[in-house]
1. Kindly state which helices (runs of 4 or more DSSP H) lie completely within region A:240-319 and contain at least 3 residues that are under 30 Å from residue A:364 (Cβ atoms).
2. Just the residues that are under 15 Å from residue A:121 (Cα atoms) and among the basic types (Lys, Arg), please, taken from region A:222-251.
3. When you scan region A:404-421, do you find a residue that is surrounded by fewer than 24 Cβ atoms within 10 Å (Cβ to Cβ), within 16 Å of the ligand (Cβ to nearest atom) and in contact (Cβ under 8 Å) with a residue 40 or more places away in the chain, even just one?
4. Run residue A:507 past the list (1) within 14 Å of chain B (Cβ to nearest Cβ); (2) closer than 18 Å to residue A:426 by Cβ and report the number of the one that doesn't hold.
5. List the residue pairs whose Cβ atoms are under 9 Å apart, where the first residue sits in region A:480-507 and is at positive phi, the second is open to solvent by 10 Å² or more (accessible area, probe 1.4 Å) and assigned to a strand (DSSP E or B), and the two are 6 or more positions apart or on different chains.
6. Being touching a strand residue (DSSP E or B) at 6+ places or on another chain (Cβ under 7 Å) and not small (Gly, Ala, Ser) is the requirement here; does residue A:298 meet it?
7. Of the residues A:310, A:317, which is without any contact (Cβ under 8 Å) to a residue 24 or more places away in the chain, more than 26 Å from residue A:59 (Cβ to Cβ), open to solvent by 40 Å² or more (accessible area, probe 1.4 Å) and touching a Ser or Thr at 6+ places or on another chain (Cβ under 9 Å)?
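The values are calculated or read from the model by the stated rules, or taken from the named source; none is laboratory data. Bear in mind the structure is a predicted one, so any value in this text is a computation, not a measurement. When we count neighbours, we look across all protein chains shown, and the Cβ atoms used for this are built from the backbone with ideal geometry, even at glycine. Just the protein is used for accessible areas: all its heavy atoms, side chains included, with ligands, DNA and RNA removed. Shrake-Rupley method; radii C 1.70, N 1.55, O 1.52, S 1.80 Å.
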Amino acid sequence: MYVYNDFDEAFVRERVSQFRGQVARRIDGSLTEDEFKPFRLMNGLYLQLHAYMLRVAVPYGTLNSAQMTQLAHLADKYDKGYGHFTTRQNIQYNWPELRDVPDMLSDLADVGMHAIQTSGNTIRNVTADHFAGAAKDEIEDPRPVAELLRQWSTDHPEFQGLPRKFKIAVTGCEADRAVIRAHDIGIQVVRNEANEIGYKVIVGGGLGRTPMIGKVLSDFVSKADLLPYCEAIVSVYNLLGRRDNKYKARIKITLHENGIDKIQELVNERFEQIQPLFGGIDQQFLAEIEHSFAPPAFKVKSTDGYDAARLANPAFRSWTDTNLSEHRADGYAIVSISIKQHGATPGDATSAQMRVMADLATKYGHDELRISHEQNVILPHVHKSDLLAIYTALRDVDLATANIGLISDIIACPGMDYCALATARSIPVAKEIATRFDELKLEHEVGPLKIKISGCINACGHHHVGHIGILGLDRAGVENYQITLGGDGTESTTIGTRAGPGFGADEIVPAIERLVLGYLSLRMSKEETFLQAYRRLGEAPFKDILYPEKAAQNAA
Amino acid sequence: MITDEAHGDIRLLEAKADQSIVVGVYLAEAKKTNNGPAPTHFREAFRTRGPSNYSHGKQEA
Ligand code: SF4
């Protein structure tokens with residue numbers, strides 16, 4: 001893992017001390033809220049419905065045990081004993097006191113973390129495949145490039161006042177676990193015909209008010225060219241992007257209005273200008289960074305005990321069936337720890353849970369953890385012989401829910417329980433759906449199904465790419481939930497289609513239940529997933545299930 | 001509870017000046033009830049309590 005060098009350390013400390021001064025001046029009245037606001041936003045401090053919120057970046061979702069332990073410490077000392085993991089691999093604290101925030105940032109700096117550029121019209125936290133460095137299907141670990149992008153974009157003088165926020169995601173393989181096609185820039189590690197490693201660069205994806213799937217700007221950018229190429233993209237956007245209308249300011253609209261050919265031409269032109277100026281210095285940095293991401297020394301050991309435990313313990317077996325993914329090393333597995341216990345808030349972990357996860361990473365996980373955009377925590381490198389011990393420790397703190405990828409593994413944004421922009425709540429809907437399907441004991445029968453919920457059109461809950469998406473709206477002063485169907489956030493990214501009129505707060509969970517039970521009767525076999533059945537049958541039968549009265553009318 | 005628009009604007013300006021007590025002030029619609037003024041919109045109703053997933057915020061006190 002990357003460890004801060006003296007430069008990073010000094011930079012982050014300096015920012016903490018500047019912000020300490022700004023907070024002091026705000027509290028003693030020398031700064032008004034309007035004057036203070038840009039400073040707090042530069043440091044990830046938002047104002048929500050009930051309190052300030054501090055958004056801390058977890059770069060490309062990677063943490064070591066000491067960092068996770070420090071997140072637990074922050075939750076205990078400055079918050080209400082928990083934190084919320086978000087769809088951008090960040091963690092949010094919902095209840096900090098303004099006067100404590102400089103101390104929080106200082107404590108974060110102690111473990112090489114910060115909240116810089118987690119807000120504002122800048123390049124935000126670079127996200128990555130949460131299985132990076134561990135996935136069996138990976139060409140190359142995408143995190144060194146993500147770290148290079150982090151260093152380049154942090155406090156980049158040209159890109160502190162972009163037309164709008166700018167999000168970059170990186171993945172190391174064809175399978176897309178980082179939703180790269182819904183980012184301003186999506187980067188995928190690829191090989192060309194000469195078998196050289198390079199990058200496919202996708203631009204102009206995004207969800208929100210106007211969801212768009214990114215377009216390929218280049219099929220292959222060489223390793224040496226990637227950073228100047230990205231700088232060329234952002235620099236073209238910085239000049240061309242609209243500043244007259246906030247809703248038309250993202251690069252997806254710039255691309256849409258100007259066309260991919262023009263953007264390509266401008267990017268290439270800019271690239272020719274700036275590429276020579278880099279002079280290879282970025283490649284020197286990259287080489288050092290790559291060194292720090294060298295894989296751990298995987299152990300070679302028998303997995304007989306694991307196989308026996310699976311046979312002997314059905315609950316453990318069920319957990320291993322849903323929560324493990326294939327690892328590149330023999331005898332290893334990737335563990336997804338579900339932060340989606342039935343009836344709990346998706347993505348919320350208590351300080352005690354964080355400490356247990358940190359300890360497990362120290363003991364059994366080569367000191368590494370990941371935060372996934374699906375709001376779960378990953379132990380990327382676990383030898384199978386240690387799985388039973390991990391499962392047992394997780395179970396003791398309610399972290400052993402066997403539901404990864406199933407109906408209760410719901411993405412939900414904070415919605416109107418916290419977020420000032422929300423038009424409706426999302427958390428209670430997620431909690432009720434999970435509780436209901438747990439009562440029905442149906443979720444394993446239903447199989448892979450991704451439900452994603454956003455509390456407003458900004459779509460932080462990725463509802464457009466949920467197999468079932470739910471969008472909370474305010475219809476004439478009442479919470480109303482609109483369903484979209486058939487979305488997909490993987491390499492076959494699809495924006496879901498709106499099913500029809502929305503449902504009231506008391507109707508949405510029954511509607512989802514109808515939909516899912518209806519799918520069970522429509523599918524050809526147990527193997528046909530919800531998304532596959534939807535793709536085979538189209539929306540009509542699913543709409544009939546959602547709106548039975550309308551279907552009856554049509555039939556009459 | 002303010003029923004006069006001009007008074008409302010003045011009260012808003014006063015509240016905005018109380019920067020060490022409140023931030024992000026705005027006028028919200030309210031109705032008269034036996035327990036005093038109450039918000040008419042669910043957003044402000046939530047703000048008088050706190051989030052629905054934990055008993056944090058004002059409801060905690
Ligand atoms: S989708 Fe809307 S409600 Fe949800 S976190 Fe984003 S801005 Fe807030």
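1. In region A:240-319, the matching helices (runs of 4 or more DSSP H) lie at A:281-292, A:304-312.
2. A:242, A:243, A:246, A:248, A:250
3. The answer is yes, given that some residue of region A:404-421 is surrounded by fewer than 24 Cβ atoms within 10 Å (Cβ to Cβ), within 16 Å of the ligand (Cβ to nearest atom) and in contact (Cβ under 8 Å) with a residue 40 or more places away in the chain.
4. That leaves (1) as the condition not met.
5. These pairs meet every condition: A:486/A:494; A:486/A:497; A:500/A:482.
6. yes
7. A:310
For (1) within 14 Å of another protein chain (Cβ to nearest Cβ); (2) surrounded by 18 or more Cβ atoms within 10 Å (Cβ to Cβ); (3) basic (Lys, Arg), each residue gets a yes or a no:
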site: A:461; (1), (2), (3): no, yes, no
site: A:476; (1), (2), (3): yes, no, no
site: A:479; (1), (2), (3): yes, yes, no
site: A:482; (1), (2), (3): no, yes, no
site: A:500; (1), (2), (3): no, no, no
